[in-house]
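The structure under discussion appears below in the form of structure tokens.
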Amino acid sequence: MLIFRILLAVIILLGTIKGREYFVYVTSESQDEVHLIKFDGNNGKIIKDIPVGVWPLEIEGPHGITVSPNGKYWYLSLAHGFPYGHVYKYETGTDKLIDRVELGLFPATMQISNATGLLYVVNFNLHGEHEPSTISIVDPEEMIEVNRIETGIMPHGSRITNDGLKQYSVAMMSGTLYELDVLQFEISRTLFTGTSKHKHMTHSIGSMKHRNMKSHKMPKEKPTWVYPHPNDKYLYVVNNGIDNVVEIDLNKWAISRKFNTDKGPYNCEVSLNGKYLVITYKSAGKTGVWDLKSGIELARIKNTRRVTHGVVISPDSKYAFVSVEGIRGEPGSVDIIDLENLILVDHIEVGKQAGGIAFWKMSD
Amino acid sequence: MNKLKLNILYAFLLLVNINLTASDNDSLYFQFEPDSVNLEIGDSIKIKVSLLKKDGSLSKNQFLLTGEWRSVEVKPWISNSDGIANVQLKVFKPGSFNLNASSITDDRFKRVRGNLSIFVPAPPIEKVGFIDPPSTAYEKTRIKFLAKVLDKAGVSRNDIKPTFESSNNSIASFDDFGNLSIKQRGRVQLSVSISNQRNKVIFSEINLRIFRNPVRKIELSMNEGSYRTGDVITFNALAKTASGKEITDVPIEFSFTGEANYGIGLPASGVVTPNGKFVAENPGEYTIYATSSGYTSSLTVKIKPRNIQKRAELIGHGLITDVFTSDLWVWQGVDEFSDRDFAVTGTWEANGEAYFWEVTDPSNLVIIDTVTVDARTVNDVKVSADGRIGVITREGASSRKNGVVILDVSDPYNVKILSEFNDGLTGGVHNAFIYENHVFAVNNGRKYDIINISDPTKPWRVNSYELNTPGHSIHDVWIENGIAYSSNWSDGVHVVDIGGLQFSEENRYTIMNNPILQSAGKGSVRSPVLMTSKHDTTGRNHAAFPFLSESTGSFYVIAGDEHFPFGLGEIQNKEPANPRGGYHFLNMNDYKNPVEEAIYQVPEAGSHNLWVQGDTLYTAFYQGGLRVVDISGELLGDLYKQGREIAFYLSNHPEGRIPNATMVWGPQPYKSYIFFADMNSGLYAVKLVNFEDNED
């Protein structure tokens, strides 16, 4: 009995020492690879490199990545095709390719709605003419596109509220936030993302006549990302062009707060406990951690490479995993930030141009 | 009811339903009424979809309905609050589809899905008919009949095999392939038919009158000569009456037998065309037969080995192992460097570097300068014909603003960046070409932009050339004599007049010898004009190179494949790749109707870039190394099998980026050497020597 107790104590102790493990997928856009990363609370490492794409001598550009709400699959957007990009479906764990579907030009960020189970993908059309692009709605079971909704120029940052009812994206070259009703498959509201002049564009998309907008003046806001607060009452829109993040009150459909950031904010995410807003500063090569309640930037942490890209926060709100691109042949990295102690815990070298990043699971 | 109210209602219903679903979804199932549908394109049908509990009562749970975009239209997409949807379904494409239903719930583990299968057949066949059938024929002959099948949408249906029938098989009878064997004189009615989806027979008939066959002999002739493997021999067959009158409208069929010289045991193989052109693949004795009307004539020819093989001797090698090497360009220096030769090579998935080499002494290839730009891949490198301006392409720039970089290469020891041009080219430039103060840059795989570099410090876009086919994509463009030859994957080769040579005493022979140039001159860089194109059914068209045969005067475009059939990850895993593909010789003598006449492909290797000088093809065959091919004379059939390969060089290097793995990217013949780049091991210079020559 004593031996049993000792063994039990050792097991518990080892379990405590071992701690929680976090698993994150990250893309290398200029290397056509996805890496699976494991972090044990102290150290992170790549546990798998997954080559993606079908054309060995063309860089197809894995950009957006998301894990299905049930954790069984991960979805990857490959920006470049002939000429249209695709979303690929892989099984988590085995990382086996299941299927793919062709979408629009440069499909980028995406998320599955908790309410409908459908996948909403923005067709960024980053390199095309300045013309309105679309959101593709995909049935991720059958991997078929079921609808396509026109929005603005260079839509990016497709994120969905926790109740799964609204999808938000920002059109970088239209300076506009779009709210998509995931049940009605139509744009329900739009909002100018700048603070210099509020343009409440509440008319329906059908009346916008984008195709007639021959000469297009680029907005200085250039919003690149949007993320909903876990309470579904606020949104955070990153204005990459004017170095701020604005908070949108969803009830009032208006900007309620503004956070002035370092140079070139790009992505952001709010921790599930609602406490932290983590913003990547692409031009500055840093990551900002903000206290959402006070609106104060708690820390500005220098990243290990020069081009800070995406961020995902663990569901326990303890760690932010930040993808950082590097330049030319420099490897990308994933920087892991301890949000409670506001320090860089570890970084992991990954492939070139680390971009899309998605949380898979935690295990005790 | 306005939209706001609707949304409030939906939100309310959703909340109600979410709770319901979470509690008792295990017993829910979808019911579709009707439970199966067959529709034709354009048809609509009303479908009732219900989400029911196990006991058959309504679930009171809302659900979504979806179908494949642009194939199946579903209205409305959402059910009512009771869990019923009366949807209007409309189909737009043939195929098998589903109407998918899924419950709306915040508990993803309890989401219920159901689907209704929809089959939409291809449009019914509307018309079938013979293609250019004869109305008369001779007894004791055989004629091939062709048919065209059109569906209701007007699409030619090659997937449908029609049935050929004769009204009197004792006079003339068809085989399964449309060949009519004519046995005796008389009149027959010939029909071609198919049964459409409704078991309705659609057919077309013609009358054929069969005459007595006056042919009593076949005379077969050829030009006497000494023939080698790969030489095309034209046999002339004349059908004549007993009195010697020629009958020109009687079909004559050609065939051959042969016995190969025993070398390594290859068979007597070759090709004979319906119009009597014959080419042998192996040395030996071949007998060619011309047959018609029960008469046959034959001639036997001796085919000798082509005996053109040489040895590619390594002269120099510049080893690069830390990055993959991409394309190359070799040129003669200018001004104080005019007595020297230089090369530039790109790098692939690396540091954004281009290496400049002095190659005056090909046995001593030395990097003399490096240009570094913000990119991962410098895929293509080109230098202007006057040797002063270079262009390198960028992919994977950290700013995501790729485009091209214009260089001053007049002093290759100190190459200067003159300008960058990425306006509208941010998606990446894979290939480029310089022609008469313009850069032709392949823009994000969608089109090529034409950029004026008269002032290379201030480049500006003149125009673009883009196809208008659905989902088009372009890989490369090559310019010669004011004609752009682009390679466009499944859209194949496009030949575009961007300012074809203007007639002058100097250009006279160049234009007169080239059927494309004879009709060119209407286009310009401001207004490119498509002259012809050739679709690629395999979708592998990766390169296009013009070739005017010096020995025959025929004009070809050589269309190169790129094909990686064996999956992903070879290069990423540092394992040798295993591509396939070949070069297709498209005869453009009648340029509006290009005809593929010959192919060169190395078995179990993959084609990449190519160059033609004189009547010699220089090819990069990836893992198959450098290949030098004799393409003189008329071209027909499988050139590889005809002993036309002059030389090869396998650039496998033990210290290569992937050790001992050949992966040749591109060749360029230059002066008396052949330079080529190998992805794994850098720049090479080889020279062709006779086999009896010593190594030294």
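The values are calculated or read from the model by the stated rules, or taken from the named source; none is laboratory data. Fair warning: this is a prediction, and the values are worked out from it, not measured in the lab. Positions of Cβ are generated from backbone atoms using ideal geometry, with glycine treated the same way; all protein chains shown enter the neighbour counts.
Tabulated values for the structure
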read-out: Residue in segment B:91-101 that is within 18 Å of A:L119 (Cα to Cα) and within 10 Å of chain A (Cβ to nearest Cβ) present; value: yes
read-out: Checking A:E186 against (1) buried (at least 24 other Cβ atoms within 10 Å of the Cβ); (2) within 12 Å of another protein chain (Cβ to nearest Cβ); (3) not polar (S, T, N, Q), the condition it does not meet; value: (1)
read-out: Boolean, B:G230 is at positive phi, crowded, with 20+ Cβ neighbours inside 10 Å and either modelled with pLDDT of 95 or more or assigned to a strand (DSSP E or B) (or both); value: yes
read-out: Residue within segment B:562-570 that is in contact (Cβ under 8 Å) with a residue 40 or more places away in the chain and surrounded by fewer than 20 Cβ atoms within 10 Å (Cβ to Cβ) present; value: yes
read-out: Residues satisfying the stated conditions in segment B:501-537, i.e. of a type in the set (S, T, Y), touching a residue at least 40 places away in the same chain (Cβ under 8 Å) and assigned to a loop (DSSP other than H, G, I, E, B); value: B:S527, B:T537
read-out: Counted residues, segment B:626-643 - those being touching a residue at least 60 places away in the same chain (Cβ under 8 Å), not small (G, A, S) and not in a strand (DSSP E or B); value: 7
read-out: The one condition in (1) assigned to a loop (DSSP other than H, G, I, E, B); (2) more than 15 Å from the chain's Cα centre (by Cα); (3) within 12 Å of chain B (Cβ to nearest Cβ) that A:S174 fails to fulfil; value: (3)
read-out: Qualifying residue in segment B:198-208 (condition: surrounded by 16 or more Cβ atoms within 10 Å (Cβ to Cβ), in a loop (DSSP other than H, G, I, E, B) and not assigned by TED's automatic domain parsing to the domain that holds B:T248); value: no
read-out: Subset of segment B:57-111 (residues that are aromatic (F, W, Y) and either touching a residue at least 60 places away in the same chain (Cβ under 8 Å) or out of contact with any strand residue (DSSP E or B) (no Cβ under 6 Å at 6 or more places or on another chain) (or both)); value: B:F92, B:F109
read-out: Of all residues in segment A:230-244 being in contact (Cβ under 8 Å) with a residue 40 or more places away in the chain and surrounded by 19 or more Cβ atoms within 10 Å (Cβ to Cβ), the one that is farthest from A:V289 (Cα to Cα); value: A:I242
read-out: Residues (at the interface with another protein chain (Cβ under 10 Å from one of its Cβ atoms) and farther than 22 Å from A:E91 by Cα) located in segment A:28-46; value: A:S30
read-out: Count of residues meeting criterion [touching a helix residue (DSSP H, G or I) at 6+ places or on another chain (Cβ under 9 Å) and either within 14 Å of chain A (Cβ to nearest Cβ) or surrounded by fewer than 12 Cβ atoms within 10 Å (Cβ to Cβ) (or both)] in segment B:52-72; value: 5
read-out: Residues of segment A:72-88 that turn out to be over 15 Å from the mean Cα position of the chain (by Cα), within 19 Å of A:F23 (Cα to Cα) and of a type outside the set (S, T, Y), as a count; value: 1
read-out: Segment A:150-166, subset among the aliphatic types (A, V, I, L, M) and in contact (Cβ under 8 Å) with a residue 60 or more places away in the chain, residue farthest from the other protein chains (Cβ to nearest Cβ); value: A:I153
read-out: Matching residues, segment B:392-411, being of a type in the set (S, T, N, Q) and part of a strand (DSSP E or B); value: B:T393
read-out: Residue in segment B:483-500 that is charged (D, E, K, R), part of a loop (DSSP other than H, G, I, E, B), assigned by TED's automatic domain parsing to the domain that holds B:N609 and under 19 Å from B:K592 (Cα atoms) present; value: yes
read-out: Hits in segment B:102-113 (condition: more than 8 Å from chain A (Cβ to nearest Cβ) and surrounded by fewer than 19 Cβ atoms within 10 Å (Cβ to Cβ)); value: B:D107, B:K110
read-out: Qualifying residues in segment B:431-489 (those that are of a type in the set (K, R) and surrounded by 18 or more Cβ atoms within 10 Å (Cβ to Cβ)) - the one modelled with the highest pLDDT; value: B:K447
read-out: Pairs where the first residue, in segment B:408-427, is free of Cβ contacts under 8 Å to residues at least 60 places away in the same chain and the second is outside any loop (DSSP other than H, G, I, E, B) and among the polar types (S, T, N, Q), C-beta under 8 Å, 6+ apart; value: B:G424/B:N443; B:L425/B:N443; B:G427/B:N443
read-out: Positions within segment B:425-482 being touching a Pro at 6+ places or on another chain (Cβ under 6 Å) and closer than 20 Å to B:K522 by Cα, in sequence order; value: B:I451, B:Y465, B:E480
read-out: Checklist (1) touching an Asp or Glu at 6+ places or on another chain (Cβ under 8 Å); (2) within 14 Å of chain A (Cβ to nearest Cβ) applied to B:N414, failing item; value: (2)
read-out: Single condition B:A85 does not satisfy, out of (1) over 23 Å from B:P121 (Cα atoms); (2) outside any strand (DSSP E or B); value: (2)
read-out: Per-region count, segment B:458-476, residues in a loop (DSSP other than H, G, I, E, B), free of Cβ contacts under 8 Å to residues at least 40 places away in the same chain and of a type outside the set (D, E, K, R); value: 8
read-out: Identity of the residue in segment B:351-375, within 14 Å of another protein chain (Cβ to nearest Cβ) and aliphatic (A, V, I, L, M), that ends up surrounded by the most Cβ atoms within 10 Å (Cβ to Cβ); value: B:A375
read-out: Where A:A115 falls short, out of the listed (1) in contact with a Gly (Cβ under 8 Å, 6 or more places away or on another chain); (2) buried (at least 21 other Cβ atoms within 10 Å of the Cβ); (3) modelled with pLDDT of 95 or more; (4) within 8 Å of chain B (Cβ to nearest Cβ); value: (3)
read-out: Of all residues in segment B:376-401 being charged (D, E, K, R) and under 18 Å from B:Y670 (Cβ atoms), the one that is nearest to the other protein chains (Cβ to nearest Cβ); value: B:D380
read-out: Exclusive hit being within 14 Å of chain A (Cβ to nearest Cβ) and not aromatic (F, W, Y), set B:G445, B:G500; value: B:G445
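One line per residue, one yes/no per condition, for (1) more than 11 Å from chain B (Cβ to nearest Cβ); (2) within 20 Å of the chain's Cα centre (by Cα); (3) in contact (Cβ under 8 Å) with a residue 12 or more places away in the chain; (4) assigned to a loop (DSSP other than H, G, I, E, B):
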{"site": "A:W55", "(1), (2), (3), (4)": "no, no, no, yes"}
{"site": "A:I65", "(1), (2), (3), (4)": "yes, yes, yes, no"}
{"site": "A:N70", "(1), (2), (3), (4)": "no, yes, no, yes"}
{"site": "A:Y90", "(1), (2), (3), (4)": "yes, yes, yes, no"}
{"site": "A:T94", "(1), (2), (3), (4)": "yes, no, no, yes"}
{"site": "A:I98", "(1), (2), (3), (4)": "yes, no, yes, no"}
{"site": "A:H130", "(1), (2), (3), (4)": "no, no, yes, yes"}
{"site": "A:R148", "(1), (2), (3), (4)": "no, no, yes, no"}
